[in-house]
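What follows is one structure encoded as structure tokens, with my remarks underneath.
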Amino acid sequence: MTAIVQFRTTYPVGKDPVDWVCVAPSGESYTRTQTWHRVDKIRPPENVDDGVKSSPSYQAMAGRWSVIGPKYEAWKSSNEIPDDGIALAAWSGVTPEIAEILRRQGIKSVESVAAMSPDLASKLPMPNARKLPQMAKDFLESRDKVAEQNRIADLEEQLAAMRELLEAKRGPGRPKKVEEDAA
């Protein structure tokens, strides 16, 4: 798992500013293996064909960006970056003002909102604060369901392609399997 250490911007003379992210592997190597990457070089390109999207290098880039992207967007909007989970800035369930109230309470991620106690939720100075943890849980569940549906759709496409391949490889000496109706 990749951990984000920090972001920074450099201002080269006569050129556009460049955003950088420092990443490290989670675990024992965290302090020894920290590397800086240009954000524009690790963000996957958007307008690519399906052949490129299915390549292992693009998949790796997209997987890394799924971790870095929300935290980068939170940093760009001058919000704190959560250690774990999805940044509040990446969740449309709260306004920037509500996100600021939550950050003052030490809550920096959607997962933290979902785990919030009813007592803490009722003490927040905002309307419908008690509904916030359930909204966060619903958001996280829907993300999980969408990811699962995408995975199933990909597997179904692979299965269809494999069936086509098997049909094409079926030799002339082997008859096609015919299903008989039980009457």
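The values are calculated or read from the model by the stated rules, or taken from the named source; none is laboratory data. Since the structure is predicted, the reported quantities are computational estimates derived from the model, not experimental observations. Cβ placement follows ideal geometry from the backbone for every residue including glycine, while neighbour counts extend to all protein chains displayed.
How about region 44-71: which of its residues are at pLDDT 85 or above, surrounded by 16 or more Cβ atoms within 10 Å (Cβ to Cβ) and closer than 16 Å to V110 by Cα?
I68, G69
Out of (1) part of a helix (DSSP H, G or I); (2) surrounded by fewer than 16 Cβ atoms within 10 Å (Cβ to Cβ), what's the single condition that is false for A99?
Every condition holds for A99 apart from (2).
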